[in-house]
Amino acid sequence: MNYNEALEISERVLLPAASKLYGLDGYELSLINPHDGGRNLVYACDRHGADSKILRVSFLQDRRREDILGEVEYVRYLSEHGGSVANVVSSLQGNLVEEIVHHHHPIFLCLFERAAGVNLDDNDYVYRENAPLSEFYYSCGKTLGKMHQLSKEYAPVHRRYGFFDKYNARYIDELIPDSLPLLKKKLTELLTVLEGLDRDRESYGMIHFDYNEGNFNIDYDTGQITVYDFDNACFGWYMYDLADLWRIGVAWSVFEPDAMKRRTSMDAYFRMALEGYRSETGIEQSMLDALPLFLKATLMENIVDVFETMRNNNEEPECDEWLSYCIQCMEDDIEYIGFFDEIYSHEDPFECEPRVLRV
């Protein structure tokens, strides 16, 4: 089942079932337009005088019940222990996950609290009036640090999958087209290096794996950040989330033509974000030194995600300007996602000439 097929049965099958399971009578359910590569149907549930909710419908076959339970149990744990996250809401039967079987195809429903505040992207990247951007930088790091500190004490009932369960040489070879042999080689080499890293309690645990400004809201009265969308959460290195934290900062200098000024801006941003992070938990300097390596890992995740989306939608593989940029950074060993390199254009950020895949 693909996105359009799930959408087609949503109004007549899925939403009525969700309304009964979660007591949503009287709520207006409206579809939230998916971002590129979105893998779920997501609905805003609003009712006058009641707290808004978010309903997520997971229909892809790679979503197992045990994995989703591992995700929402982690979200519940974070919420109950002081993490600033949008909590999962139990169904009327007390379940964190509900399952609907349609034509022998399992579909999973989860309901979440709606995060307080506004998404930065939806607010045109305008931060709080009369508040310095340094407050935002610090808060991004502090919120992530709190989640990581809680993860170090987390003992799951349903264990979520680990990094190498998905990212491994066999899967890369199967997913990436044979017309990209150098990319396959570079990704496999990256995985080999990652396999040699420590996976102790202080460096490796449950992580968000998609920590960016699109997945949290900001309360514009207080500056409080509330994180959501743990759909990609897995066991991995805390430094991976910190690499995503670094990537958040490029938004503030993405159109700066001078590479040295971009670097200066990023250094100031990440220094403040790390100060917030360290106010909640520690991180070894050896891991921080591996930032370029983990930025490559985030590139790998983005590349894999695009090819998975094309496969799930039964589309022929093709490379647009953004995917071509990611691939070139990986193939040419360009560090820091090319942000300080001549490949980068402030006029067309993170894009390069699209490549044609050989058949």
At least 20 Å along the helix axis (C-alpha) and Kyte average at least -0.5, DSSP helices within the chain: 133-151, 181-195, 291-312
FRET efficiency, Asn4 to Glu66 (Cβ-Cβ, R0 35 Å, nearest 0.05): 0.85
Global geometry of region 127-207, whether rounded, prolate or oblate, following the gyration tensor of its Cα atoms and the 1.5 cut on a/c: oblate
Antiparallel bridge percentage (DSSP; both residues within the chain; nearest 5): 95 percent
Cubic angstrom per residue, convex hull over Cα atoms of region 3-114: 115 Å³
Most fluctuating residue given options Tyr238, Tyr154, Tyr138, as computed from a GNM of the chain linking Cα atoms under 10 Å: Tyr154
Furthest towards positive pole of dipole, Leu194, Leu182, Pro317, structure part the chain, Cβ charges: Leu194
Spherically averaged projected area in nm², based on the convex hull that wraps the Cα atoms of region 81-221: 13.6 nm²
Sites Val118 and Glu28, calculated FRET efficiency, Cβ-Cβ separation with R0 22 Å, nearest 0.05: 0.65
Under-16-angstrom lysine pairs by C-alpha in the chain, whenever the two are 8 or more apart or on separate chains: 6
Inter-site label distance for Glu347 and Val13 at 7 Å from Cα along Cβ, in nm: 5.0 nm
Selected from Leu92, Phe235, Phe255, residue furthest toward positive end of dipole (the chain; charges at beta carbon): Leu92
Value of [θ]222 nm, deg cm²/dmol, for the chain, DSSP H segments ≥ 4, -39500 (n - 2.57) each, nearest 500: -12500 deg cm²/dmol
Cα pair distances of the chain binned at 20 Å [whole percent]: 28, 60, 12
Euclidean distance between Cα centres, region 100-158 to region 1-79, Å: 16 Å
Ranked Met272, Met260, criterion: other C-beta atoms within 10 Å, fewest first: Met260, Met272
Residue of Tyr77, Tyr125, Tyr161 that the Gaussian network model of the chain assigns the largest fluctuation, springs spanning Cα pairs under 10 Å: Tyr125
Dipole magnitude of region 122-338, debye to nearest 20 (Cβ charges: Lys/Arg +1, Asp/Glu -1, about Cα centre): 720 debye
Choice from Ser30, Ser151, Ser139 showing the highest fluctuation, given a GNM over the chain with Cα pairs closer than 10 Å: Ser30
Cα-based convex hull volume of region 99-158 per residue, rounded to whole Å³: 146 Å³
Cut-off 12 Å (backbone N to label point 7 Å along Cα→Cβ of Phe340), residues of region 227-261: 259-261
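None of the figures in this text is laboratory data; all of them are computed from the coordinates on show. Every value quoted in this text rests on a predicted model; they were computed, and no experiment measured them. Virtual Cβ from ideal backbone geometry, glycine too; neighbours counted across all protein chains shown.
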